[in-house]
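**Student:** Here it is: the structure, laid out below.
The values are calculated or read from the model by the stated rules, or taken from the named source; none is laboratory data. The structure displayed is predicted, hence computed values, not measured ones. Here the Cβ is made from the backbone with ideal geometry for all residues, glycine too, and neighbour counts use every protein chain on show.
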Amino acid sequence: MSDISKKERQILLVMRKVLANIIKDTTPDHRSMKHPLSDPTIQQIRECLGLISLRERELANDAGVQMEKPYFTDEKPTAEVVSFAPPGGKTQKEP
């Protein structure tokens, strides 16, 4: 990965974190309260986060890196580890 793409990934990461913190800081405690940001501003923040996500995926694809997908801790893994006994059914002892 080049220095330019590393720097771009770093910029995108910081921008995403800043936007997420703005959302956390301005979200009212209760749904009944009016949000301090206007609807167009909220929509623009959503669009920015979407563009950031899209560019991060493009950079990861160009670098040959698979993007991590969020998962639940109780979610069943897609792969299972299976151990096989050697032929003859005897297990080897470690030295």
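**Student:** Kindly establish whether T73 is loosely packed, with under 12 Cβ neighbours inside 10 Å and either hydroxyl-bearing (S, T, Y) or within 23 Å of K6 (Cβ to Cβ) (or both). Don't jump to the end; show me each part of the working.
**Tutor:** Details: loosely packed, with under 12 Cβ neighbours inside 10 Å: yes; either hydroxyl-bearing (S, T, Y) or within 23 Å of K6 (Cβ to Cβ) (or both): yes.
Yes: the conditions hold for T73.
**Student:** Would you please name the residue that is modelled with the lowest pLDDT, looking only at residues in region 1-26 that are among the β-branched types (V, I, T) and surrounded by fewer than 13 Cβ atoms within 10 Å (Cβ to Cβ)?
**Tutor:** Taking region 1-26 first, the residues among the β-branched types (V, I, T) are 4, 11, 14, 18, 22-23, 26.
Add one more test, that the residue is surrounded by fewer than 13 Cβ atoms within 10 Å (Cβ to Cβ), and what stays is 4, 11, 14, 18.
Working: I4: 79, I11: 95, V14: 95, V18: 95.
Within region 1-26, the match that is modelled with the lowest pLDDT is I4.
**Student:** Let me ask another. If we keep just the residues of region 15-58 that are among the β-branched types (V, I, T) and part of a helix (DSSP H, G or I), which is farthest from S5 (Cα to Cα)? Even if it seems obvious, please write down each step before you answer.
**Tutor:** Applying the first criterion (among the β-branched types (V, I, T)) to region 15-58 yields 18, 22-23, 26-27, 41-42, 45, 52.
Within this subset, residues satisfying the condition of being part of a helix (DSSP H, G or I) are 18, 22-23, 26, 41-42, 45, 52.
Details: V18: 20, I22: 26, I23: 27, T26: 31, T41: 29, I42: 28, I45: 23, I52: 14 Å.
The residue in question is T26.
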